[in-house]
Structures are given as structure tokens and as C-alpha cells.
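Here's the structure we're looking at; comments come further down.
The values are calculated or read from the model by the stated rules, or taken from the named source; none is laboratory data. Keep in mind that what you see is a predicted model, and the values were worked out from it rather than measured. So basically every Cβ, Gly included, is an ideal-geometry build from the backbone, and we count neighbours across all protein chains shown. Just the protein is used for accessible areas: all its heavy atoms, side chains included, with ligands, DNA and RNA removed. Shrake-Rupley method; radii C 1.70, N 1.55, O 1.52, S 1.80 Å.
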Amino acid sequence: MVGGRSEYPELWAFLESLHHGELLSGTVAAIERFGVFVALDDGPDHPVFPGVGFITVPELSWRRFEAASDVVQVGQRVSCEFLQFDTWNLEARLSLRATQPDPFQAFAGGIAVGQTLHGQVTKLVPFGVFVEVADGIEGLVHLRELTWTPVRTPSDAVQVGDQVTVVVTGIDRERRRLALSRRPASSEHE
């Protein structure tokens, strides 16, 4: 623990005054593999960290990325939504992605189960493959949905970079998941 209320009364008072959903502005002070420190415009300095605001990696963007530096740069101005007061680290947990529209929700609103889509295989996993069907929108084709004849591994059917045609079999807006199949619904194969 960084310190208690009596050690850092100004910092505690500032953090306790924040409300969930409030927009806070600041400057990216440091980028680490586990997240991004933000020096908040209206906040006091942090006694240990480069900023009193902190954005965890999942809260940086709706889109998949390799490194935090793919999303923000040190010195960049950001506006973030306040999520919570982390009393252990004495920091404001922030979300950059909460200030941006969720591309999955917009995409999901324009498609339907049974619809055919075209995309590119982006990742092979033991249980299937991920296919990007729109910019930043990926769905899972489960191993059993890759081909009509069973395959042991995804690489027996496709490779990363392959262009494929898929059918939407499920849309989970709450969990932001898209289920796909390469086996179109057809009575001749059933």
C-alpha cells in the first residue's frame, strides 16, 4: 500500500471527490507493459507513480493491439472516464475506451444470424480460428465449424492470412462475441 489518508490527505481528498463516469483530462506521463499513467490536470502529484491516473491495458481501446504505445504516446493529451478510486495504490482508475463508441455494438446492430460475411483468418487457437470480418471486429469459428469433415487442428483447414467466407451463428452483444461457421446451413450436408 502506498499510504494512508493521514500521510497524503490532499491526494485522498481529491480521489474521494471523484464520481464514477466523470470525465477527467490529463497527459500521458508513462507507458508500462501493464498500463498507462496519466498526470491529471486537476489532481495533485502522486508520491510514487508518474501520474495519479492509471489506465489498465484492457481499458485503453476497444480494438486489439500489441502494445499500449500503439494506442497512446507519452505527452499525449487524453480524456478518460473515471472508474474507481484504487485505495491500495492511491490512484484514479481510468478508461480511455469508455469515451469512444464501441465498434462491436455498431457492427452487431447491422448484421443478423445466418448472414454470410467475408474475412481474413487472424489467429489460430487450439479450439478454432479468429476471423476479422470488419475493421477491428473478429469472430470465432470453432474447430467443429471449420469444415464438414473433422480436423484435429485449425491448421489442417486454414492458415493465418487466408480469406474465408463465414456464416454468423451467434451474436452476444453483452459479452461482445461473434460466433461464426464455415459450414453454411444446407440440407445437403445434414
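State all residues of the stretch 30-56 that are more than 16 Å from L15 (Cβ to Cβ) and assigned to a loop (DSSP other than H, G, I, E, B); if no residue qualifies, say none.
Answer for the stretch 30-56, where residues must be more than 16 Å from L15 (Cβ to Cβ) and assigned to a loop (DSSP other than H, G, I, E, B): R33, F34, P50.
I'd like the full set of residues that are over 26 Å from A67 (Cβ atoms) and touching a residue at least 60 places away in the same chain (Cβ under 8 Å), limited to the stretch 3-46.
G3, Y8, L11, W12, L15, E16, L18, H19, H20, G21, E22
Which ones in the stretch 123-142 are part of a loop (DSSP other than H, G, I, E, B) and either under 17 Å from L178 (Cβ atoms) or basic (K, R) (or both)?
Passing the criteria: F127, D135, G136.
Which of (1) surrounded by 15 or more Cβ atoms within 10 Å (Cβ to Cβ); (2) of a type in the set (A, V, I, L, M); (3) within 26 Å of E10 (Cβ to Cβ) is the odd one out, the single condition L23 does not satisfy?
With respect to (1) surrounded by 15 or more Cβ atoms within 10 Å (Cβ to Cβ); (2) of a type in the set (A, V, I, L, M); (3) within 26 Å of E10 (Cβ to Cβ), L23 is out only on (1).
Yes/no matrix, rows are residues, columns are (1) surrounded by fewer than 18 Cβ atoms within 10 Å (Cβ to Cβ); (2) touching a helix residue (DSSP H, G or I) at 6+ places or on another chain (Cβ under 6 Å):
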{"residue": "E10", "(1), (2)": "yes, no"}
{"residue": "V38", "(1), (2)": "no, no"}
{"residue": "P44", "(1), (2)": "yes, yes"}
{"residue": "G51", "(1), (2)": "no, no"}
{"residue": "N89", "(1), (2)": "yes, no"}
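Quick grid of which residues meet (1) out of contact with any Cys (no Cβ under 7 Å at 6 or more places or on another chain); (2) under 28 Å from D102 (Cβ atoms); (3) open to solvent by less than 60 Å² (accessible area, probe 1.4 Å); (4) assigned to a strand (DSSP E or B):
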{"position": "R144", "(1), (2), (3), (4)": "yes, no, no, no"}
{"position": "G161", "(1), (2), (3), (4)": "yes, yes, yes, no"}
{"position": "T169", "(1), (2), (3), (4)": "yes, yes, no, yes"}
{"position": "R175", "(1), (2), (3), (4)": "yes, yes, no, no"}
{"position": "L178", "(1), (2), (3), (4)": "yes, yes, yes, yes"}
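Applying the selection to the stretch 146-159, what residues are open to solvent by less than 60 Å² (accessible area, probe 1.4 Å) and part of a loop (DSSP other than H, G, I, E, B)?
Result: L146, T147, V151, T153, A157, V158.
What are the residue pairs meeting all of these: first residue in the stretch 51-74, first residue under 15 Å from R33 (Cβ atoms), second residue among the charged types (D, E, K, R) and open to solvent by less than 40 Å² (accessible area, probe 1.4 Å), Cβ atoms under 9 Å, and 6 or more apart or on different chains?
F54/D86; F54/E91
If you scan the stretch 61-84, which residues turn out to be touching a helix residue (DSSP H, G or I) at 6+ places or on another chain (Cβ under 7 Å) and hydroxyl-bearing (S, T, Y)?
S61, S79
What number of residues in the stretch 101-142 are open to solvent by 40 Å² or more (accessible area, probe 1.4 Å), farther than 13 Å from R173 by Cα, out of contact with any strand residue (DSSP E or B) (no Cβ under 6 Å at 6 or more places or on another chain) and of a type outside the set (A, V, I, L, M)?
5
Please verify whether the stretch 71-83 includes one or more residues that are out of contact with any Pro (no Cβ under 7 Å at 6 or more places or on another chain), modelled with pLDDT of 95 or more and closer than 20 Å to R175 by Cα.
Yes, that holds for at least one residue.
Looking for whichever is among the polar types (S, T, N, Q), closer than 30 Å to C80 by Cβ and not in a loop (DSSP other than H, G, I, E, B) here; the options are Q105, Q120. Which one fits?
Of the residues listed, the single one that is among the polar types (S, T, N, Q), closer than 30 Å to C80 by Cβ and not in a loop (DSSP other than H, G, I, E, B) is Q105.
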